[in-house]
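Down below is the structure, laid out as structure tokens.
Every number here is computed from the coordinates shown, using simple stated rules; none is lab data. All values derive from a computational prediction rather than experimental measurement. Cβ sites come from the backbone with ideal geometry, for glycine too, and all protein chains shown count toward neighbours.
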Amino acid sequence: MSQYQKLVDEAQGAAESSQNTEDLVAARNKFLGKKSQLSEAKKGLGQLQKNERAAAGKELNEVRVLIEEAFEQREIVIQEEVWNRQFESERLDLTEQFENLRRGHLHLITQARDHLEDVFVGMGFTVAEGPEVETAWYNFEALNIPDWHPARGNFDTIFVNLGDPEEVMLRSHTSPVQVRTMENHQPPIFIVAPGRTFRTDNADATHLPAFNQIEGLVIDKGITMGDLAGTIDSFVQAFFGSEVKSRLRPSYFPFTEPSAEFDISRPDGSWLELGGCGMVHPNVLANCGIDPEEWQGFAFGFGIDRLVAMRFELDDIRELVVNDARFLRQF
Amino acid sequence: MKVLLSWLKEFAPDIEGDPISLGERLSHLGLAVEEMSMLGEGLSGVVVGRILDLRPHPDAERIQLVDVDLGDGNATQICCGAFNMEVGDLIPVATIGSTLPDGMEISQRKLRGQLSNGMCCSPAELGLGDDHDGIMILPADEKSYSSGVPISEALGIKPDVLWDLEVNANRPDAMSIAGVARDLAASLGIPFSYPNYDFLEGSAKLTDLATVEIIDPTLCGRFAVRAAAGVSIGESPRWIQNRLLSLGMRPINNVVDISNYVMLELGQPNHTYDLAKVPEGHLSIRRALEGETITTLDGEGRSLIVEDGVIANIRGEAIGIAGVMGGLSTEISEETTDVLIEVAWWDPPSISRTVKRLNLMSEASIRFRRGADYGENIERALERIAYLLSDGGAEIASGVVQDTGSLPSRDSVKVRTDKINNLIGVDLAAKDMKSYLDSIGFGVSIKKGDLAVEIPTWRWDTKTETDISEEIARMFGYEKIKRTVPKGTAPGALSQYQKNRRRVREILVGVGCDETMPMPFLAPGDLRSAGLAEEAISLTNPLVQEESLLRTSLLPGQLKVIAHNQSHRVDDLRFFEIGHVFSVSADGGLLPDEREHLSVALVGVHVSEIVDLLYVLGNELELPNLQLASGEVPGMHPGRAAEILIAGKISGYIGEVDPRVLTSYGIDGRVAWLELNLGKVLSGPLGKKSYRNVSKYPSSDVDLAFDVPESVSSATISGYIRKAGGDLLQQVKLFDMYSGDSMEDGHRSLAYRLRFQAPDRTLTDDEVSALRAQCIQMVEKKTDARLRI
């Protein structure tokens, strides 16, 4: 092999001194190409004696392998340098946000409403909806609130200029959905009715003229006030957490009797009034075509906006209708 | 309704317990405690001061300097923001170091350079009533009010508990001290009774002085009067004034104060007339004449209608509106000596309608419309007033004069114990139910295990078995009812529409849109500014003009949201909303046509982005045959708008908002918009997602450029290409749009890339050529478009 040592040294030197791919290819061609010394030597093998030919061929092959290795190694190094130069030129600081891509945000009310719906669906309820503009029948009369009733004043109704005066209104609660459901379905009924409701409350930090409620209605055979208290309890624990307790206090609504307010416990041991509930008044059942001697049940309801305001400690409930993106994107 | 512990004890002397647990008990009786205050606390250090001098603060217009003598004869300077007092007045002064009932600590302060050595107090600051308007001025004619005397001693204030209770509409009885005491006594298991109001009647006979006649018995169930002579009008005793103040009423004079006192105490509103101004002492009760007028106590002239009730004099003139407000002509005045006292029972619906029509809510009408006591409480109230007047030196004529109309008839109610137990979810025996009802004055007899219940006259709203179930549940205690959960039979679920709507929200949130929820009201002009028709349903009683119309489109509300955000320099605005819109019923129905719409607004983007977004929705929801039809749409850029067709029906519109509309809403940049009738779109049949094999074979692309007149839409061209390409055409993409010098006027070049692919083989060149030819032929045959060479 000694006769080729010089060649090998030269080739290794040429590989080492190649600074880029082009130089390397040219150098490789020079030492390994068709016209290279090595190729010429290989062509000369045929003139050797048969017994010498094998040894000489083997030697040539070893030399070729050595030279190829030199170029391969150099190629790896050069390629690495090429990458490194590219990496260096493409260096970016990724520690900042670029804010070119954003997921949108559901409105807080939708988030709360979905959560509430999911809890009640899990408890065997379906979700009922109805129109926001209603007649006096659905908003009041079917609910056992005749036109003279003092309770009508409590609803601070926004009326609409359709029909006779005070005949058509923006619903002041979602109870009309209960009436519509009962008119169209015989029991058993297990529904919740979420939706927008309206009152003549001037918008301020704690009031909005358009807000959201969710109401529940259960009508079946043998439904008791104990079932009402138990359902409220289950819901409260599912929604607020298992440590939160509920209680009922006597109250009055024309459409339920007995009626109650329901409170939930706060961490400091005090109670917070959440909503109203009670056993559906027999007059309401009869008004909707359901026999109150055969069926009985309960209803409950509360405001979603207030729940949201409480949960997220909003200091001004008007944020919910201003729709400032800086607010919407927080949740 | 506010109640004082000391007053409750006059009816139930055995009330005991700490104020917090008594308050809890009231709440559990359905008389929710809204506020509790400890009276007479925090008054140490508050003394009577005599004003020696008043002078302006040299450097502050809204403050004056008051020198008071606090009993030591020296002038103590106080800075005060009220101006209702004069030199010589006696006022309560909180001295340095004292702490007022609301927790305010009084210390020496300097206000604009002037020392203030204490505070002059209003009644509210002392926890005596709600009066914040000015400093409390003590009557000058009582000996006890000398400077330096502690205010509690001067005013005779004893420590007491005041609860402010929320009383529900079905509890007229609890609009009184006595009624609350009855409930509380029952709950505590202690006796309740009315004190005796004994007084001596004078020699005059009432029948000689007064006559009454109920002309309309449907209006008035009972009308009873007494009379007192020799009344001298003046201040009422301090203890009456203190109680009225505590309960939030302002003392006026002895007769008016006694009238109010008895209303609060017994729940029986009453009215006092100057007898001298009632000719022949005759009162009659009738409905008003249409257009009849009266000047009420507040000095207002009122016009009446036939539904209203009036009290008329013998000349037929209305001198009071029944149950609502007295008339000015018979008002008690300084000169009054003889007083006629009326206690009546009025038909609640009648009073309710008048109160509502005249918007005249008063302490009396609140009680009458809920149904006052129509029983012996009427005589009791008359006696109580007579007693208090007599105590003040008046002479009471003997007897009561009254007339009776239609009183509520309350038959004994049959109450089934099983029904009650099944409703409440308890297992009470008839005798338990009886004892609960007995304790609050119901009369109960047990018949064959069920109850026959007589309803007391102070519970006008209580009529039925269900009403009584509530009383039993209330006295049993809601908190003791065992909690169970109803056994539903069907699983709960969202409807398909509700699931799809949630899917829409998820998709939009996924592409970076924030959900908005503006109020659904519009201002007049909002629709016009948005380029929309101005036919909207209006509200009868809007809170403000800016919120007086119901929206017909989500566009104006969303534009306002965009403008708000831009004005606060919030950018990258991408919004969506799902909400109801309203228009007058097309088929003559009473209720409007109400639809649930979806809108999306992308600010500062090319209109093509909203079209892409619509197709994302369309594909995700498998909306059947989603197509756009170019055309002019109100509110949209005339050259960049289209109607959205789903299953061949117009279901919404899409485009770029008309820049003139954006200008009128003060919006910068462009807004891409779509609005869909979501209710209609998601309620119809949606396509089903089904498996389509993904081809493993190579695909072939063909580019075709057509010369297309403006009148032919791109969707038309691509539609025909799809039709001609059939199943082997995997994709058609518009990749270039060009109009300019090389094109004829009114024409543009549209270039499409077609990708052909078979599921089971590699397409041959011949096959692809044939497909290409078919597509060109179809487009050229069906439209005026021509292949560009």
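Quick look at the values:
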{"read-out": "Helix-only CD estimate at 222 nm, as mean residue ellipticity for chain A, using -39500 (n - 2.57) per DSSP H run (n ≥ 4)", "value": "-13500 deg cm²/dmol"}
{"read-out": "Fewest-first sequence of A:D227, B:D160 by Cβ atoms within 10 Å of each Cβ", "value": "B:D160, A:D227"}
{"read-out": "In Å, descending, principal axis extents of the Cα set of the protein assembly as shown", "value": "165, 74, 67"}
{"read-out": "Most to least packed among B:260-273, B:185-198 [average Cβ atoms within 10 Å]", "value": "B:260-273, B:185-198"}
{"read-out": "Whole-Å distance, taken between Cα centres, linking the range B:18-78 and the range A:108-131", "value": "50"}
{"read-out": "Selection from A:F98, A:Y252, A:L38, by position along the positive dipole direction of chain A (Cβ)", "value": "A:L38"}
{"read-out": "For B:L111, residues with placed amide H under 5 Å, excluding near neighbours", "value": "B:S116"}
{"read-out": "Computed log₁₀ I(q)/I(0) - Debye formula, equal Cα scatterers, no solvent, chain B, q 0.06, 0.07, 0.10 Å⁻¹", "value": "-0.67, -0.81, -1.12"}
{"read-out": "³J(HN,Hα), Karplus 6.51/-1.76/1.60, whole Hz, each residue of the range B:169-175, x for Gly, Pro", "value": "5, 8, 10, x, 4, 7, 8"}
{"read-out": "Within 10 Å of each Cβ in B:23-32, the average number of Cβ atoms from other chains", "value": "3"}
{"read-out": "Mean residue ellipticity (222 nm) of chain B, computed from DSSP H runs ≥ 4 via -39,500 (n - 2.57), nearest 500", "value": "-8000 deg cm²/dmol"}
{"read-out": "Cβ crowding within 10 Å averaged over residues, with B:661-674, B:228-241 ranked highest first", "value": "B:661-674, B:228-241"}
{"read-out": "Per-residue HN-Hα couplings for the range B:654-670 [Karplus 6.51, -1.76, 1.60; θ = phi - 60°; Hz; x = Gly/Pro]", "value": "8, x, 9, 5, 3, x, 5, 5, 4, 4, 5, 8, x, 9, 8, x, 9"}
{"read-out": "Positive minus negative residues near B:D164 (Lys, Arg vs Asp, Glu; Cβ under 14 Å)", "value": "-4"}
{"read-out": "Nonlocal amide H pairs with B:K2, under 5 Å, H built at 1.01 Å", "value": "B:L165"}
{"read-out": "Debye, to nearest 20: dipole size of chain B, +1 on Lys, Arg Cβ, -1 on Asp, Glu Cβ", "value": "3760"}
{"read-out": "Charge dipole (debye, nearest 20) of the range A:53-166; +1 at Cβ of Lys and Arg, -1 at Cβ of Asp and Glu", "value": "540"}
{"read-out": "From phi via Karplus (6.51, -1.76, 1.60), per-residue ³J(HN,Hα) for the range A:259-272 in Hz, x at Gly/Pro", "value": "10, 8, 9, 10, 10, 10, 7, 9, x, 7, x, 7, 10, 10"}
{"read-out": "Cβ-Cβ FRET estimate between A:W137 and B:S711, R0 fixed at 56 Å, reported to 0.05", "value": "0.60"}
{"read-out": "Ranked A:W83, A:W148, criterion: other C-beta atoms within 10 Å, fewest first", "value": "A:W83, A:W148"}
{"read-out": "Cleavage-rule hits (GluC sites (Glu not before Pro)) in the range B:653-745: DSSP loop, at most 12 neighbouring Cβ within 10 angstrom", "value": "B:E710, B:E744"}
{"read-out": "Gain upon complete extension [B:D208, B:R569; 0.36 nm per residue less C-alpha separation]", "value": "121.7 nm"}
{"read-out": "Shape call, the range B:199-277: gyration tensor on alpha carbons, a/c limit 1.5", "value": "oblate"}
{"read-out": "Kirkwood-type radius of chain A, with distances r between different C-alpha atoms, in Å", "value": "26.6"}
{"read-out": "Pairwise FRET efficiency - B:I190 versus A:N202, Cβ, R0 = 56 Å, nearest 0.05", "value": "0.80"}
{"read-out": "Shielding by other protein chains, A:158-167, mean Cβ within 10 Å", "value": "5"}
{"read-out": "Length added when fully stretched, B:V485-B:E609, from 0.36 nm per residue minus Cα-Cα", "value": "39.6 nm"}
{"read-out": "Estimated inter-spin distance, A:W83 and B:L111, nm [label 7 Å along Cα→Cβ]", "value": "8.1"}
{"read-out": "For residues of B:463-470, the mean tally of beta carbons on other chains within 10 Å", "value": "4"}
{"read-out": "Least to most buried among B:S469, B:S769, B:S583 (fewest other Cβ within 10 Å first)", "value": "B:S769, B:S583, B:S469"}
{"read-out": "Relative contact order %, chain B, counting alpha carbon pairs below 8 Å whose residues are six or more apart", "value": "8"}
{"read-out": "Alpha carbon centroid spacing (whole Å) that separates the range A:288-331 from the range B:513-569", "value": "23"}
{"read-out": "Peptide ranges B:730-736, B:717-723 listed from the most packed, as the mean C-beta count within 10 angstrom indicates", "value": "B:717-723, B:730-736"}
{"read-out": "Residue-span extension gain [B:A751 to B:S435] - 0.36 nm each, minus C-alpha spacing", "value": "104.6 nm"}
{"read-out": "Pairwise centroid distance, computed over Cα atoms, of the range A:213-265 with the range B:751-789, Å", "value": "67"}
